[in-house]
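Engineer: Pasting a structure below so you can have a look.
The values are calculated or read from the model by the stated rules, or taken from the named source; none is laboratory data. None of the values given here were measured: they were computed from a predicted structure. No Cβ is skipped: glycine too gets one built from the backbone with ideal geometry, and neighbour counts run over all protein chains shown.
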Amino acid sequence: MSKKKKDEAAEVEEVKTEETAPEEETAPEQPEETDETQEKIKALEDEVAAGKEKYMRLAAEYDNYRKRTANEKLSLYDDATSKAVTELLPVADSVRMALENLKDADPEIIKGIELISNQLNKSFEKLKIETYGKVGEDFDPNLHNAIGMVDSDELDSGKIAAVFQTGYKIGDKIIRHAMVQVTN
């Protein structure tokens, strides 16, 4: 080989060894933390914590608003339904009294009134209207209006002995209290 080629080959070797030789790692210079930088860090951490707290409060407030409006929508429906049903209750009472008092009437008339009564009851069920105040149930002053007291050997004390007007409710909302007679 010629001297020129040998020199070039030696240079390439030197370059290769220089490239592969591990360099001394130099750590980046860390700025010294001073009281001023620590105060800035503390102020930024406090600002982040305050922002996080503000966000959490806003999220909780929104969740409460969403729940409150959902409950208001449900109560509006119940209020509207109860007002409409209040107007129909005299009809339901008249049908019930007709069935109780027409025992000797023509069977076709009784059958027709029973059909009307069943339609009213199905309509009330679709509207989620419940009746309450049956003979033998416990008297509850929150649900029943006691219009009289009676002594009874058949029923325990505090039980409903007679129902003069059926009670109606939708969910927990009372549409009309039941008028009952209670045992002593």
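Engineer: Take the residues in segment 75-134 that are in a helix (DSSP H, G or I) and of a type in the set (F, W, Y); name whichever of them is modelled with the lowest pLDDT.
Structural biologist: Step one: list which residues in segment 75-134 are in a helix (DSSP H, G or I), which gives 75-101, 107-126.
Then keep just the ones that are of a type in the set (F, W, Y); that gives 77, 124.
Values: Y77: 86, F124: 94.
Result: Y77.
Engineer: Let me ask something additional. Hey, can you tell me all the residues within segment 88-120 that are surrounded by 15 or more Cβ atoms within 10 Å (Cβ to Cβ) and among the polar types (S, T, N, Q)?
Structural biologist: Scanning segment 88-120 gives a single hit, S117.
Engineer: Still on this structure, I have one more. What are the residues in segment 141-169 that are touching an Asp or Glu at 6+ places or on another chain (Cβ under 8 Å) and among the small types (G, A, S), if any?
Structural biologist: In the first step, residues of segment 141-169 are kept if they are touching an Asp or Glu at 6+ places or on another chain (Cβ under 8 Å); the result is 158-160, 165-166, 168-169.
Selection gives G158 alone.
Engineer: Of all residues in segment 96-124, how many are free of Cβ contacts under 8 Å to residues at least 60 places away in the same chain and under 17 Å from I175 (Cβ atoms)?
Structural biologist: Counting residues in segment 96-124 that are free of Cβ contacts under 8 Å to residues at least 60 places away in the same chain and under 17 Å from I175 (Cβ atoms) gives 4.
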